[in-house]
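Below is one structure, written out as structure tokens, with a few remarks after it.
The values are calculated or read from the model by the stated rules, or taken from the named source; none is laboratory data. What you see is a predicted model, and the numbers here were worked out from it, not measured in a lab. Glycine gets a Cβ as well: all are built from the backbone with ideal geometry, and neighbour counts include every protein chain shown.
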Amino acid sequence: MKAVILAAGKGTRMKELTNEIPKPMLRVHGVPILEHIVLGLKSAGVREIFIVTGFRAEVVEAYFGAGSRHGVRIQYERQLVQDGTGKAPELAKEFIGASPFILTYGDILVKQETYAQMIKRYNEDYFSGVVTVTGSEDVTKGGLFFFDEHFCLKHLVEKPNQTQLEELRRTDWLKPGDIAWYNAGIYIFRPSLFEHTAVLQKSPRGEYELTDAIAGLIKTHHPLAGLRIEGRWVDVRDPEVLERLEKETV
């Protein structure tokens, strides 16, 4: 199992905190967010990691080097055009080869054991990948994932508007009292993902969306297992979240 970390963005919502360093290098309890992720991957037995860099790429590359200090091997590629998460994984295509890989954004923090749980779920059957989710009764938070009785992904809607929510209720995808499952932004994929990233069209917001590639996998009957993240899941999206994390006990 290899891993790809998407860490190209500046993180404009962090304001002046990211004037000189990219958001994944902001520190939580004295350690860069990206280092928490690398160490979590290592704890799950992942030793080959590819980091997609962009804004202030040299900061990331200088800190981690080839990965020997962290007991892993790290390669890099710079995403020169920030045009969405759908195309970014393609930079790691040669690195991936025929291997399955964990794909994560560089600003999501979870417990270290989450990565091992993902690999365990992936190995339970023949899956083309694993998608992680968090649960909530609020249906307005983000990308919604829908599963069958085996908790395999059957449908998704990226950040549904009110009209889409009404349609989901009318067609019984959303049922009263059911948990809404939200995309948690950490995945496992086989290289078959690249068949679908290759044909992506830009979304209405002008970006290539990874969720469109996932929808392509569903449409072509690739089995994608679901996994609910237990315990901590944090999207480090703004200074308020960062401040709250600093107040938590490790």
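Here is how the numbers come out for the structure above:
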read-out: Given (1) surrounded by 14 or more Cβ atoms within 10 Å (Cβ to Cβ); (2) modelled with pLDDT of 95 or more; (3) in contact with a helix residue (DSSP H, G or I) (Cβ under 7 Å, 6 or more places away or on another chain), number of the condition PRO24 does not satisfy; value: (2)
read-out: Helices (runs of 4 or more DSSP H) contained in region 55-139 and holding at least 1 residues touching a helix residue (DSSP H, G or I) at 6+ places or on another chain (Cβ under 8 Å) and charged (D, E, K, R); value: 93-96, 113-122
read-out: In region 27-40, residue modelled with the highest pLDDT [restricted to those that are touching a helix residue (DSSP H, G or I) at 6+ places or on another chain (Cβ under 7 Å) and in a strand (DSSP E or B)]; value: PRO32
read-out: Candidates PRO160, PRO191 - the one that is in contact (Cβ under 8 Å) with a residue 40 or more places away in the chain, closer than 30 Å to LYS111 by Cα and part of a loop (DSSP other than H, G, I, E, B); value: PRO191
read-out: The one condition in (1) of a type in the set (A, V, I, L, M, F, W, C); (2) free of Cβ contacts under 8 Å to residues at least 40 places away in the same chain; (3) under 18 Å from LEU103 (Cβ atoms); (4) assigned to a loop (DSSP other than H, G, I, E, B) that VAL46 fails to fulfil; value: (2)
read-out: Filtered residues of region 208-250 (kept if over 30 Å from GLU16 (Cα atoms), free of Cβ contacts under 8 Å to residues at least 40 places away in the same chain and in a helix (DSSP H, G or I)); value: GLY216, LYS219
read-out: Within region 196-229, considering residues that are surrounded by 18 or more Cβ atoms within 10 Å (Cβ to Cβ) and of a type in the set (Ser, Thr, Tyr), the one modelled with the highest pLDDT; value: THR197
read-out: Test set (1) on the phi < 0 side of the Ramachandran plot; (2) at pLDDT 95 or above; (3) not in a helix (DSSP H, G or I) - LYS175 fails condition number; value: (2)
read-out: Any chance ARG232 is closer than 18 Å to ASP83 by Cβ, at pLDDT below 90 and of a type in the set (Lys, Arg); value: no
read-out: Verdict on GLN82 being surrounded by 16 or more Cβ atoms within 10 Å (Cβ to Cβ), polar (S, T, N, Q) and more than 21 Å from GLY216 (Cα to Cα); value: no
read-out: Single condition GLU77 does not satisfy, out of (1) acidic (Asp, Glu); (2) at pLDDT below 95; (3) buried (at least 19 other Cβ atoms within 10 Å of the Cβ); value: (2)
read-out: Residues located in region 201-222, provided they are over 16 Å from GLY143 (Cα atoms) and over 18 Å from the mean Cα position of the chain (by Cα); value: GLN201, LYS202, GLY206, LYS219, THR220, HIS221, HIS222
read-out: Residues located in region 106-128, provided they are closer than 28 Å to LYS10 by Cβ and surrounded by fewer than 23 Cβ atoms within 10 Å (Cβ to Cβ); value: LEU109, LYS111, GLN112
read-out: Residue check for PHE147: of a type outside the set (Ser, Thr, Tyr) and in contact with a Pro (Cβ under 6 Å, 6 or more places away or on another chain); value: no
